[in-house]
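Below: the structure, in structure tokens.
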Amino acid sequence: MEPATIFWVASLMAIAAALYSTVGHGGASAYLAIMALFAIEPTVMRPTALALNLVVAGFAVLRFAIARQINVRLAALFAVTAAPAAFVGGMITIPPEYYRPLVGIFLCLAAIRLFWQPRALAERAVKPPPLLIAAPAGAGLGLLAGLTGTGGGIFLSPLIILFGWEEPRKTSGVAATFILINSIAGLAGNLASVRSLPSALPWFVAAVAVGALLGTWLGVDRLPRARLLQCLGFVLVIAGGKLLLT
């Protein structure tokens, strides 16, 4: 990978990490989009996105744990089925001709999620989801995480908020924990993929770490987060379209 390419990829990843870390997300969908835009090989994309997720989501979990903003019981309710499913998804080797459209569809769905920012109703009572709903939801998102190289948190957060399973602040803590667990399981399921990690990974790790620190410092109130995430959604659409048309 050329030095100029490494610089631009790392810079864009740092920006994505800063935005996503404000809400406890790892940013894997953005990293996949960035790598797709720069025509990085699919075999490199999945393990790289998961590895970067470990950095940003790990930092977010630490941040929310210190603030006591993690509902451990709720996170465990989803993770108990998500982790094994992510492990299985990581074990599955997907040929590039199938991986590209799969990730392309995922990026477009993630973009729709970014365009639409659901708001929790203040008067809604918080109640945990029944196991019959949480178990299959966690398994589905976990499998998707392992297959695509993401954490699944971008879809878990709106589910929790819309159904009133937790308040918004603790939802971010649950999402960060969910993403961290899925990323670990996904990488563990495909240890062979570690061989595909790019030599530029240390630069990418440093970039997202700086981005996560910046995003945490800026916080939700210092940035027009909804608009910025919607702009990022356009990038995901472009990258997803590129993968689908390749």
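Would you confirm whether any residue within region 117-132 is surrounded by 23 or more Cβ atoms within 10 Å (Cβ to Cβ) and in contact (Cβ under 8 Å) with a residue 60 or more places away in the chain?
No, region 117-132 has no match at all.
So for region 140-153 (the condition being more than 18 Å from residue 237 (Cα to Cα), of a type outside the set (Val, Ile, Thr), at pLDDT below 85 and buried (at least 23 other Cβ atoms within 10 Å of the Cβ)), does at least one residue qualify? Steps first, answer last, please.
Pass one, region 140-153, residues more than 18 Å from residue 237 (Cα to Cα): 140-147, 151, 153.
From what's left, of a type outside the set (Val, Ile, Thr): 140-147, 151, 153.
With at pLDDT below 85 added as a condition, the list becomes 153.
Then keep just the ones that are buried (at least 23 other Cβ atoms within 10 Å of the Cβ); that gives 153.
Yes; the residues of region 140-153 include at least one that is more than 18 Å from residue 237 (Cα to Cα), of a type outside the set (Val, Ile, Thr), at pLDDT below 85 and buried (at least 23 other Cβ atoms within 10 Å of the Cβ).
Against the conditions (1) polar (S, T, N, Q); (2) outside any helix (DSSP H, G or I); (3) closer than 20 Å to residue 69 by Cα, where does residue 171 fall short? Just the number, please.
All conditions pass for residue 171, except number (2).
Have a look at 185, 206 and point out the one that is modelled with pLDDT of 70 or more, assigned to a helix (DSSP H, G or I) and surrounded by 15 or more Cβ atoms within 10 Å (Cβ to Cβ).
Matching residue, one of 185, 206: 185.
The values are calculated or read from the model by the stated rules, or taken from the named source; none is laboratory data. Predicted model only: the values in this text are computed from it and were never measured. With ideal geometry, Cβ positions are generated from the backbone for all residues, glycine too; neighbour counts draw on all protein chains shown.
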